Amino acid sequence: MSAFVGKYADELIKTAKYIATPGKGILAADESTGTIGKRLASISVENIESNRQALRELLFTSPNALSHLSGVILFEETLYQKTSDGKPFVDVLQENNVVPGIKVDKGTVELAGTNGETTTQGFDSLGARCQQYYKAGARFAKWRAVLKIECTIAQGLARYAIICQENGLVPIVEPEVLTDGSHDIKKCAYVTEIVLAAVYKALNDQHVLLEGTLLKPNMVTPGSDSPKVAAEVIAEYTVTALRRTVPPAVPGIVFLSGGQSEEEATLNLNAMNKLAVLKPWTLSFSFGRALQQSTLKIWAGKKEN
């Protein structure tokens, strides 16, 4: 299957490979205004633009905050924000060898008659928005597609991916199987494999350049209402599912934390990297809450902190 070859092909491959640098990962700082409002409310801070800017500045400019990151996913508001000294956040990231990325989906809505399954919005003007984001300094994008345990969203992800590549952005492909429910880890592994196989068939059908993409999957875990299992078990099931479905052309796999605690997500990822099996892609992180929660509590909205 011939892959997309446009004017950005070499740049896409180079960017994806850099973001997948072993030992580094992605900070997901792309919370919508509503979502970040909930985070701020948890520390009794008002959800206004200046407070959102202050939190993002803290995350990007604290000493050594960016040293283990290769990329940061931004919300549209943040892409155009500046530090209190007037320097664009994009420049702060680039000067620290961190690639700026952008969330390009517009959230999910429930599909009628599907028992809670959702579809992702944002295809309207996606190409034009990608062009604008590229001009603003973004070099990769994120589009989150959510499913529970029943249906797939492969075609939409493939469509998003090729539009991004046509406009110079490396697409992070994020098919998230939610942990809601009482299913065991074997059920999650089964569904994850089906979803990933469908996603990569769709990506190939759309001629997406796999070398210029990244995958952001869920870890294979039991449902949230089921007993927990050891990190080594999660690692084995997750890596097995990936080895069966993800082509070696993909340079990196960056896991979402899926609501896990900082410690849980880190232990699970560490166990995966320790597994003594062939893993042709870099395994790293694209965490949001799992990288921000402790910082948020210590900051508490106070400049002196």
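The values are calculated or read from the model by the stated rules, or taken from the named source; none is laboratory data. Note that the coordinates shown come from a computational prediction; the quantities given were computed from them, not determined experimentally. Glycine gets a Cβ as well: all are built from the backbone with ideal geometry, and neighbour counts include every protein chain shown.
Kindly establish whether Asn64 is of a type in the set (S, T, N, Q), closer than 25 Å to Phe285 by Cβ, in a loop (DSSP other than H, G, I, E, B) and modelled with pLDDT under 95.
Spelling it out, Asn64 is indeed of a type in the set (S, T, N, Q), closer than 25 Å to Phe285 by Cβ, in a loop (DSSP other than H, G, I, E, B) and modelled with pLDDT under 95.
Among the candidates Lys103, Lys82, single out the residue that is within 27 Å of Glu11 (Cα to Cα), among the basic types (Lys, Arg) and buried (at least 21 other Cβ atoms within 10 Å of the Cβ).
One residue alone meets the criteria, Lys103.
For residues that are out of contact with any helix residue (DSSP H, G or I) (no Cβ under 8 Å at 6 or more places or on another chain), more than 16 Å from Thr221 (Cα to Cα) and among the aliphatic types (A, V, I, L, M), tally how many sit in the range 154-192.
Total satisfying the criteria: 2.
For (1) under 18 Å from the mean Cα position of the chain (by Cα); (2) under 14 Å from Ile162 (Cα atoms); (3) buried (at least 16 other Cβ atoms within 10 Å of the Cβ), each residue gets a yes or a no:
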| residue | (1), (2), (3) |
| --- | --- |
| Glu193 | no, no, yes |
| Leu196 | yes, no, yes |
| Val199 | yes, yes, yes |
| Ala202 | no, yes, yes |
| Pro217 | yes, no, yes |
| Ala230 | no, no, no |
| Glu236 | no, no, yes |
| Thr245 | no, no, yes |
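Consider the range 57-79. How many of its residues are touching a Phe, Trp or Tyr at 6+ places or on another chain (Cβ under 9 Å) and either more than 16 Å from Leu296 (Cβ to Cβ) or surrounded by 22 or more Cβ atoms within 10 Å (Cβ to Cβ) (or both)?
Number satisfying all stated conditions: 10.
For the range 6-26, which residues satisfy the criterion of being crowded, with 22+ Cβ neighbours inside 10 Å and either of a type in the set (S, T, N, Q) or in a helix (DSSP H, G or I) (or both)?
Within the range 6-26, Leu12, Thr15, Ala16, Ile19 meet the criteria.
Among Gly86, Gly101, which is the only one that is touching a helix residue (DSSP H, G or I) at 6+ places or on another chain (Cβ under 9 Å) and at pLDDT 95 or above?
Gly101
For Ala3, work out the one condition from (1) at pLDDT below 95; (2) out of contact with any His (no Cβ under 6 Å at 6 or more places or on another chain); (3) hydrophobic (A, V, I, L, M, F, W, C) it doesn't fulfil.
Checking Ala3 against (1) at pLDDT below 95; (2) out of contact with any His (no Cβ under 6 Å at 6 or more places or on another chain); (3) hydrophobic (A, V, I, L, M, F, W, C), the one that fails is (2).
Mind telling me which of the residues Ile43, Ile26 ends up being of a type in the set (A, V, I, L, M, F, W, C) and closer than 16 Å to Leu215 by Cα?
Ile26
Can you run down the residue pairs with Cβ atoms below 7 Å, 6 or more apart or on separate chains, where the first is in the range 43-60 and acidic (Asp, Glu) and the partner is surrounded by fewer than 19 Cβ atoms within 10 Å (Cβ to Cβ) and at pLDDT 90 or above?
Partner pairs satisfying both residue conditions: Glu57/Thr83; Glu57/Ser84.
Take the conditions assigned to a helix (DSSP H, G or I), within 17 Å of the chain's Cα centre (by Cα) and surrounded by fewer than 19 Cβ atoms within 10 Å (Cβ to Cβ) and apply them to Thr240. Does it pass?
The answer is no for Thr240.
Give the residue, chosen from Ser257, Ser286, that is part of a loop (DSSP other than H, G, I, E, B), modelled with pLDDT under 95 and crowded, with 17+ Cβ neighbours inside 10 Å.
Going through Ser257, Ser286 in turn, just one is part of a loop (DSSP other than H, G, I, E, B), modelled with pLDDT under 95 and crowded, with 17+ Cβ neighbours inside 10 Å: Ser257.
So, in the range 162-179, of the ones that are under 18 Å from Phe255 (Cβ atoms) and either out of contact with any Leu (no Cβ under 9 Å at 6 or more places or on another chain) or of a type outside the set (Val, Ile, Thr) (or both), which residue ends up modelled with the lowest pLDDT?
Here the residue is Thr179.
I want to confirm something. Restricting to the range 121-161 and keeping residues that are part of a strand (DSSP E or B) and within 18 Å of Val191 (Cβ to Cβ), which single residue is modelled with the lowest pLDDT?
Leu147
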